[in-house]
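What follows is a single structure, written as structure tokens, with notes after it.
Where a number appears in this text, it was derived from the coordinates with a stated rule and is not lab data. The shown structure was predicted, so the numbers you read here are calculated from the model rather than taken from an experiment. Cβ placement follows ideal geometry from the backbone for every residue including glycine, while neighbour counts extend to all protein chains displayed.
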Amino acid sequence: MTLIECRGLTREYRRGENVIRPLDGLDLDVPRGDFLALMGPSGSGKTTLLNLIAGIDRPTRGTLVIDGTDLAQLGRSRLAAWRSEHVGYVFQLYNLVPVLTAYENVELPLLLHRMSAKQRHDRVAEALELVGIADRHGHYPRQLSGGQEQRVAIARAIVTDPTILVADEPTGDLDKASASAVMQLLQRLNRELGKTIVMVTHDPGTTRYAKRTLHLDKGRLVRETGPAADAEIAAVPEEVAA
Amino acid sequence: MIPGKMVPLVVKQVVRHRARTLLTVAGIAIAMFLFTAVQAMHAGTAAATRRTADDTTLVVYRQDRFCPATSVLPQDYESRIERIEGVVSAMPIQVVVSNCRTSLDVVTFRGVPKEDFLAERPSIEVIDGSIEDWRRRTDAVLVGEALASRRGLRAGQTFDAAGITAYVAGVFRSAQAQDQNTAYGALEFVQLSSRKGLGRVTQFNVRVRDASMLDRVADEIDEMFRTAQEPTSTYTEKAFVGRIASDVVELVGFARWLGIGCLAAVLTLVANAIVLSVQGRVAEHAVLQTLGFTGGLVARLIVAEGVLVALLGGAVGAAAAVVAARLGQFALSVEGQAIPITAGAPLLLSGLAICGVIGVLAGLVPAWQASRREIASCFRAV
């Protein structure tokens with residue numbers, strides 16, 4: 001069942017006299033429960049596509065329908081409400097709020113939802129537990145390692161139980177061990193919780209965790225590769241997984 | 001303005017950016033201290049010089065004289081003034097001041113007929129010592145609360161000022177501004193101690209039956225003594241203070257511009273703090289919007305931070321000014337007329353309200369800018 005449907009999706013920016021077109025008439029279907037990796041050289045339109053799917057950017061032309069909602073038809077406020085309900089975003093640089101603790105960072109998106117303090121507490125505790133960082137709940141971002149920060153960011157992205165999880169180079173700023181741990185975590189979220197994940201990556205090694213990989217160039221889809229071999233994923237050492 | 005569950009978020013942003021908040025709050029507090037002090041002076045001046053419907057007192061002074069040292073009137077004017085239709089009483093007063101010029105610490109002695117004074121001031125409350133002691137002793141004075149507090153005077157002590165050595169029979173509280181910085185003694189005691197001599201006084205305080213009679217009675221008094229050797233000028237009590245202390249009133253009026261300057265400084269400080277904060281948190285605000293916060297909500301959070309910082313600074317500065325005014329019991333005294341610097345809860349509350357408005361104004365533009373940014377472009381910029 002298609003969750004994300006892109007038809008003729010185009011995004012243009014005007015920079016002085018020049019028109020830059022990072023996305024150029026892209027057609028794409030992403031089924032529910034997919035784990036999609038987007039690869040391509042810089043400027044190929046990966047992040048632009050990700051931002052359009054996340055509802056933080058708008059297409060210049062074409063349609064983008066997610067879970068039955070045409071995002072182009074939503075005004076700013078309704079789009080914000082839609083993001084709050086349907087999207088969890090994981091950034092390359094984590095983008096945690098520095099003056100908030102891990103717990104408070106994860107609680108942030110829940111402040112937009114109608115729920116009691118007790119319900120929020122339970123949800124945050126569950127999310128932190130799921131990403132394996134519950135014991136660091138009172139730490140500020142500056143007191144965490146990069147891998148731990150990214151786990152907090154993932155907890156923040158999943159705490160509202162969003163329809164889609166988008167990740168922009170989630171391992172781009174991490175060492176190899178932390179990167180593997182984060183990727184395994186995303187894979188678990190996809191496999192065990194059925195989260196639909198769209199991830200931008202430069203690292204071919206991380207694509208093996210995805211179900212399929214799309215290669216973009218100059219704003220167009222140029223190639224699709226199939227799911228990575230389970231054997232490759234199983235080869236991740238135990239201590240890294242921990 | 002913002003949902004209740006967002007308030008802790010605003011508080012954390014302000015409290016946990018400790019250095020930035022402390023510096024901004026300190027700057028605001030200093031400016032608001034000055035502003036509140038100016039407002040306190042203005043409030044005191046207004047209370048001392050603004051005529052109200054309840055005013056029924058006239059002050060009769062020597063014509064063309066502005067200082068108690070040079071205003072000399074025969075004491076026997078009293079009986080002639082009391083014969084004028086509408087006059088309830090005329091109280092001769094000998095005024096002696098420790099300093100004729102404008103000062104924050106002037107001791108003013110007022111020699112009055114004791115029983116007449118008590119009849120005129122039924123509402124005074126002796127908070128230390130006793131009235132009986134004051135009645136009994138010829139060198140006794142009743143000291144206004146502000147003067148006693150400023151000079152550390154208590155009942156039973158003697159003190160020297162303006163060449164007079166007086167015994168403090170009591171300290172009293174009065175609603176009248178002039179009383180708070182005055183020591184009241186027997187008329188003869190002050191006349192003799194100041195070497196002015198008996199039979200001559202500085203002024204008469206004339207009480208009339210009704211406020212509507214003030215102007216007519218004043219004219220009649222001045223007309224009565226127009227050709228006398230010591231002609232008079234008669235004013236309502238508030239107008240008299242305003243005339244004597246006109247320089248002070250003018251200075252306080254000018255000081256209000258300084259107060260407005262202080263507010264401008266507060267506005268600039270808060271605006272600067274918010275602009276720097278917003279510029280440094282472009283990505284953070286974009287993240288909030290990515291999470292689903294609307295641009296409007298982000299804007300309101302920014303404004304709320306500005307309001308909170310402004311209120312913190314305003315509370316510290318205004319409270320410090322109010323406490324200083326209360327403890328110091330300062331009064332701007334000129335020619336024996338005291339204009340108390342009055343600061344209380346209303347001034348504190350108005351200071352806070354002004355800071356709240358300044359916080360909103362200072363935050364509006366950066367908040368609006370932050371709310372209108374394209375989210376994706378914020379991440380590209382970082």
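Could you pull out the GluC sites (Glu not before Pro) across segment B:41-119 that fall in loop regions by DSSP (anything but H, G, I, E, B) with no more than 13 other Cβ atoms inside 10 Å?
Details: sites: B:78, B:82, B:85, B:115; in loops: B:85.
Loop-located and lightly packed - B:85.
At 18 angstrom or more along the helix axis (alpha-carbon based) and mean Kyte-Doolittle of -0.5 or higher, what helices does chain B contain? Whole DSSP H runs only.
Working: long enough: B:18-49 (45 Å, 1.13); B:246-280 (51 Å, 1.49); B:295-328 (49 Å, 1.75); B:345-372 (40 Å, 1.45).
Length and hydropathy pass: B:18-49, B:246-280, B:295-328, B:345-372.
For chain A, find the longest principal axis of its Cα atoms and tell me its angle to the long axis of helix A:146-158, 0 to 90°, nearest 10.
70
Tell me, what is the FRET efficiency for residue A:193 and residue B:345 to the nearest 0.05, using R0 = 51 angstrom and their Cβ-Cβ distance as r? Intermediate results must be reported in sequence, preceding the final value.
Values: r = 57 Å, r/R0 = 1.13.
It comes out at approximately 0.35.
Run the numbers for residue B:158 and residue B:175: contour at 0.36 nm per residue of separation, minus the present Cα-Cα distance, in nm. Mind showing how you got there, number by number?
On the way: separation 17, 0.36 × 17 = 6.12 nm, distance 2.51 nm.
Difference between extended and current length: 3.6 nm.
Taking the Cα centre of segment A:78-196 as origin and charging only Cβ (+1 Lys, Arg; -1 Asp, Glu), how large is the dipole, in debye to the nearest 20? Could you put the intermediate results ahead of the total?
Numbers: 14 positive and 14 negative charges, 51 e Å.
The calculated dipole for segment A:78-196 is roughly 240 debye.
Could you tell me the calculated FRET efficiency between residue B:227 and residue B:258, based on Cβ-Cβ distance and R0 = 56 angstrom, to the nearest 0.05? Display every interim value, and only then the final one.
Numbers: r = 47 Å, r/R0 = 0.84.
That pair, residue B:227 with residue B:258, gives E of 0.75.
List the residues whose amide H sits under 5 Å from the amide H of residue B:172, counting only those 5 or more places along or on another chain, with H placed 1.01 Å from N in the peptide plane.
Those lying under 5 Å, H to H, from residue B:172 are B:127, B:143, B:144, B:145.
Choose one of B:225, B:77, B:98: the residue whose Cα lies farthest towards the positive end of the charge dipole of segment B:64-230 (beta-carbon charges +1 Lys, Arg; -1 Asp, Glu; about the Cα centre).
Selected residue: B:98.
Using a ≥ b ≥ c from the Cα gyration tensor of segment A:147-212 (square roots of the eigenvalues), is it rounded, prolate or oblate, where a/c under 1.5 gives rounded and otherwise the larger of a/b and b/c decides, a/b for prolate? Write down the numbers at each step before the final one.
Working: a/c = 1.72, a/b = 1.23, b/c = 1.39.
It is oblate, given that a/c is not under 1.5 and a/b is not larger than b/c.
How far apart, in nm, are two points set 7 Å out from the Cα along the Cα-to-Cβ line at residue A:29 and at residue B:2?
Simple spin-label model gives 4.5 nm for this pair.
By how many nm would the segment from residue B:123 to residue B:137 grow when fully extended, if each residue of separation counts as 0.36 nm and the alpha-carbon distance is taken off?
Result: 2.8 nm gained on full extension.
Take every Cα-Cα pair in segment B:242-375 and report what % of them are more than 26 Å apart. Don't skip to the end; give the middle numbers.
Details: 3658 of 8911 pairs.
The proportion of pairs with Cα distances above 26 Å equals 41 percent.
Please report how far the C-alpha centroid of segment B:128-149 lies from that of segment A:1-72, rounded to the nearest whole angstrom.
If we compute the Cα centre of each part, the gap is 88 Å.
With θ set to phi - 60° and the Karplus curve 6.51 cos²θ - 1.76 cosθ + 1.60, what are the ³J(HN,Hα) couplings of segment A:210-225 in order, to the nearest whole Hz, using x for Gly and Pro?
7, 7, 8, 10, 9, 9, 10, 8, 6, x, 10, 7, 10, 6, 10, 10
What are the semi-axes of the equivalent ellipsoid of segment B:64-230, taken as the square roots of 5 times the eigenvalues of the Cα gyration tensor, listed largest first and rounded to whole Å? Spell out each step's value before the answer.
Values: eigenvalues 152, 64, 43 Å².
Computed over segment B:64-230, the values are 28, 18, 15 Å.
Going by the alpha-carbon gyration tensor, a ≥ b ≥ c the square roots of its eigenvalues, is chain A rounded (a/c under 1.5) or, if a/c is not under 1.5, prolate (a/b greater than b/c) versus oblate? Please list the in-between numbers first.
Values: a/c = 1.71, a/b = 1.27, b/c = 1.35.
Taking the square roots of the gyration eigenvalues as a ≥ b ≥ c, chain A is oblate.
At each listed q (0.09 Å⁻¹), what is the log10 of I(q)/I(0) that the Debye formula gives for chain B modelled as equal alpha-carbon point scatterers?
Per q value, in the given order, log10 I(q)/I(0) is -0.64.
Expressed as an acute angle from 0 to 90° and rounded to the nearest 10, what is the orientation of the C-alpha long axis of helix A:76-86 relative to the principal long axis of chain A?
The two axes meet at around 50 degrees.
Rounded to the nearest 0.05, what FRET efficiency do residue A:218 and residue A:118 have when you use their Cβ-Cβ distance and R0 = 60 Å? The partial results should precede the final answer.
Working: r = 51 Å, r/R0 = 0.85.
Here the calculated transfer efficiency is 0.70.
Taking amide hydrogens as modeled 1.01 Å from N in the peptide plane, which residues meet the under 5 Å criterion relative to residue B:233, leaving out close sequence neighbours?
B:61, B:62, B:63
Shape verdict for the protein assembly as shown, please, from the Cα gyration tensor: rounded (a/c under 1.5), prolate (a/b greater than b/c) or oblate.
Numbers: a/c = 4.79, a/b = 3.46, b/c = 1.38.
Verdict is prolate for the protein assembly as shown.
List the residues, sorted by chain then number, that are 5 or more residues from residue B:139 or on another chain and whose placed amide H is less than 5 Å from its amide H.
Here nothing satisfies the definition.
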